[in-house]
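The values are calculated or read from the model by the stated rules, or taken from the named source; none is laboratory data. A quick note: this is a predicted structure, and the numbers were derived from the prediction, not measured. Neighbour counts run over all protein chains shown; Cβ positions are idealised from the backbone, glycine included. For accessibility, only protein heavy atoms count, side chains too; no ligands or nucleic acids. Shrake-Rupley method; radii C 1.70, N 1.55, O 1.52, S 1.80 Å.
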Amino acid sequence: MQGQRQELIQQQRLTLSPQLVQSIKLMAMPFADLRERIIDEVEKNPALEVVSDPFETAMPRPPREHYTVRQGVAQGGGDEESDGHKDFIEGVLQRDATLQDYLLSQLGELSLNPAVSDLASLIIQNLDRDGFHQVPPQELPGGHDPVLLQAALETVRSLDPEGCATTDFRESLVVQAKLLRRLAPAGKKDELLETVITILEKYFSALEKGRPDALVKALARIGKPAPQLDVETAGDVFDLIRTLDPFPGRSHASDMHSYVVPDVIVNRTEDGYSVVINEEEIPVLGLSPFFMDLEGLETDKAARDFARESVKEARWFLSTLERRNLTILKLARALIVFQGDFFAHGPSHLAPLRMKDVAEEVGLHEATISRAANGKYLQCEWGLFELRYFFSNQVGSLHASASRSSSTQSSKDNPYSAGRFSKQGVKEIVREIVESSSENLSDQKIADQLALRGIHIARRTVAKYRNELTIKSSFER
């Protein structure tokens, strides 16, 4: 039997203090959660006090010499201004409709046979978050009648989002494709759409590898009557299928509160840009004068130690909040430098940017920049953007293909040919091309227009970006 013995082993380990853990958590915390975290800390630590809170009774701002974190704005002006602020908050903070609420509201606007309407209502209430049946619809009251059931199912499936009231994602894709067929002009049969429907209904397994060449080979192995395709047509099949949503209910499945508030606000000024932390909805905190006095009194030692420790933790919490705000400010200012064209001209001019570059610029660790950007929002004249939006990879550049260089405009005439292009920037240019065109441009024609601007990407990449922008295909448009 092997004996046991004690050994002394020297190891290097990084131990995170509770204060450091708290600092990391506060840095990563989105604005919507920060207020709750502050209130929890105030309730836990009696040395902290709320000097003013926009959500509560109006209070004057503390004098400058008072130790506070200036995060909030005092709501002066009496009850009228306070009520107005609360009305605004109630307007911003609203409950999203559930999938069932959304579908039932549409169902109520239709003129239907009462029996069909009643069964359709039961079908809607039987859906899960993906839009699929929880129990077979045949088991619902009235579901035993095949004619009535089919009418109710067709009604629900045609509501927005299309393709709900199905058994699984495969059936949902088939239903959505058939609904597209209904939109085709009378007497016109779209061969590509018919091919897609046939493959989804009868040869779904041929799609499993997700590649056009694999689809061509799989259908060839099956042979007739399966459709026989070339690689280009198979690519078009995948492009059309990608416009369908396999889980249509998810876009309306949330019943949580929607409350997106900017953490930082950028305004254009005569001298450039001003960057400020949003101070409208976070309480202004200060140290309790009572505990600060108690800390220095010659009283009971236990009470004095408790007061001293509470004040120490309160100061740490206040300084952590200040560091959080300072880091977000540094990040926002760096973004203005790196993404100057975006702030001057709009989203289509977003440049590629790495977090590593920003971290080096502001003198912070890349992980700190990542935490500061996660879940934080910036408001500017172009809209509300998550800070992570400004970090994007580079895509097709002006010199991506020497053979196509003759088709590009000169940099003097082309505002987009000055340098690199980010994925988000190219997506916005795709949106501009589609919205400004008087015709329904195909993905290939969009790719050609991008090439004229010095952006060389494949047609399938255009289709991918278009789907991410929720822009319908030229067939649907």
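Which one of Ser117, Ser111 is out of contact with any His (no Cβ under 7 Å at 6 or more places or on another chain), open to solvent by 30 Å² or more (accessible area, probe 1.4 Å), in a loop (DSSP other than H, G, I, E, B) and polar (S, T, N, Q)?
Details: Ser117 fails: in a loop (DSSP other than H, G, I, E, B).
Result: Ser111 is the single residue among Ser117, Ser111 that is out of contact with any His (no Cβ under 7 Å at 6 or more places or on another chain), open to solvent by 30 Å² or more (accessible area, probe 1.4 Å), in a loop (DSSP other than H, G, I, E, B) and polar (S, T, N, Q).
Would you confirm whether or not the range 323-332 contains a residue that is in a loop (DSSP other than H, G, I, E, B) and either in contact (Cβ under 8 Å) with a residue 24 or more places away in the chain or out of contact with any Asp or Glu (no Cβ under 9 Å at 6 or more places or on another chain) (or both)? I'd like the intermediate steps shown before the answer.
Step one: of the range 323-332, the residues in a loop (DSSP other than H, G, I, E, B) are none.
No, the conditions are met nowhere in the range 323-332.
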Exercise for review: For residues that are in contact with a strand residue (DSSP E or B) (Cβ under 6 Å, 6 or more places away or on another chain) and buried (at least 20 other Cβ atoms within 10 Å of the Cβ), scanning just the range 355-382, find the one that is nearest to Val260 (Cα to Cα).
Suggested key: Tyr377
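Residues checked against (1) within 23 Å of the chain's Cα centre (by Cα); (2) surrounded by 14 or more Cβ atoms within 10 Å (Cβ to Cβ); (3) under 30 Å from Gln106 (Cα atoms); (4) modelled with pLDDT of 85 or more:
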| residue | (1), (2), (3), (4) |
| --- | --- |
| Leu207 | no, yes, no, no |
| Asp213 | no, no, no, yes |
| Gln228 | no, no, no, yes |
| Gly249 | yes, yes, yes, yes |
| Ser274 | no, no, no, yes |
| Ser310 | no, yes, no, yes |
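Among Ala447, Ala463, which is touching an Asp or Glu at 6+ places or on another chain (Cβ under 6 Å) and either in a helix (DSSP H, G or I) or at pLDDT 80 or above (or both)?
Details: Ala447 fails: touching an Asp or Glu at 6+ places or on another chain (Cβ under 6 Å).
Criteria check complete, one pass: Ala463.
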Review point. Tally time: how many residues in the range 457-471 are in contact with a Lys or Arg (Cβ under 8 Å, 6 or more places away or on another chain) and open to solvent by 20 Å² or more (accessible area, probe 1.4 Å)?
Key: 4
Check your understanding: Has the range 179-194 got any residue that is farther than 19 Å from Asn467 by Cβ, outside any loop (DSSP other than H, G, I, E, B), within 33 Å of the chain's Cα centre (by Cα) and free of Cβ contacts under 8 Å to residues at least 60 places away in the same chain?
Key -> yes
Study note, to complete from the structure: Residue hits (the range 103-140; in contact with an Asp or Glu (Cβ under 8 Å, 6 or more places away or on another chain) and over 20 Å from Asp168 (Cα atoms)) are Gln106
Review point. Inside the range 131-172, can you point out the residues that are open to solvent by less than 10 Å² (accessible area, probe 1.4 Å), of a type in the set (Ser, Thr, Tyr) and assigned to a helix (DSSP H, G or I)?
Key: Ser172
Review point. Within the range 421-443, can one find any residue that is touching a helix residue (DSSP H, G or I) at 6+ places or on another chain (Cβ under 8 Å), within 20 Å of Glu232 (Cβ to Cβ), among the small types (Gly, Ala, Ser) and outside any loop (DSSP other than H, G, I, E, B)?
Key: no
